Structures are given as structure tokens and as C-alpha cells.
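The values are calculated or read from the model by the stated rules, or taken from the named source; none is laboratory data. Please read these numbers as outputs of a predicted model, since none were measured by experiment. All Cβ positions, even for glycine, are placed from backbone atoms using ideal geometry, and neighbour counts span all protein chains on display.
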Amino acid sequence: MMHHDYYRFMGGWGFFMMLIPLLLIGLIIYAVYQLGASKKSDDVAAKTPEDILDERFARGEISEEEYKRMKEALKK
């Protein structure tokens with residue numbers, strides 16, 4: 001009986017009032033995620049071609065000869 005009176009008192013807005021904290025929590029989580037994603041994209045954009053070449057050589061994707069040839073080509 002009390003639940004029914006509360007529903008009438010709130011005019012049916014009780015459900016939406018409960019959603020506000022959930023929406024705020026969701027918004028905070030989304031904002032934190034977006035901040036993390038933007039930092040990662042900044043790191044990728046800040047790499048120079050030389051940095052990428054150095055990383056590829058360090059991972060063993062290219063041989064020393066290829067590395068030297070590409071390094072010289074980048075200097076031109």
C-alpha cells in the first residue's frame with residue numbers, strides 16, 4: 001500500500017528519478033574511457049617515421065640491410 005502512495009506522490013516520476021544516478025555513473029565511465037582513448041591516439045600521432053622504422057627493426061620485422069636502406073631513404 002505504501003508503494004502505491006509513493007507512486008502517486010511522485011506523480012510517476014519515481015522511476016526516472018532512479019535513472020539519474022545511473023546516467024551520471026554512465027557518463028563518468030564514458031568520459032574516463034574517452035580520455036584514455038584520446039591519449040592513446042596522441043601517442044600514435046606523435047611517432048615519426050624514424051620511430052616507426054626503429055620499432056620495426058627492434059621487433060625483427062625487417063633485416064639490418066632493410067633498416068639501413070630505409071633509414072637512408074628517410075634522410076633524403
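Hey, any hits in the range 39-50 for a residue that's among the hydrophobic types (A, V, I, L, M, F, W, C), modelled with pLDDT of 75 or more and closer than 30 Å to E72 by Cβ?
Yes; the residues of the range 39-50 include at least one that is among the hydrophobic types (A, V, I, L, M, F, W, C), modelled with pLDDT of 75 or more and closer than 30 Å to E72 by Cβ.
In the range 51-76, how many residues are at pLDDT below 90 and of a type in the set (F, W, Y)?
Count: 0.
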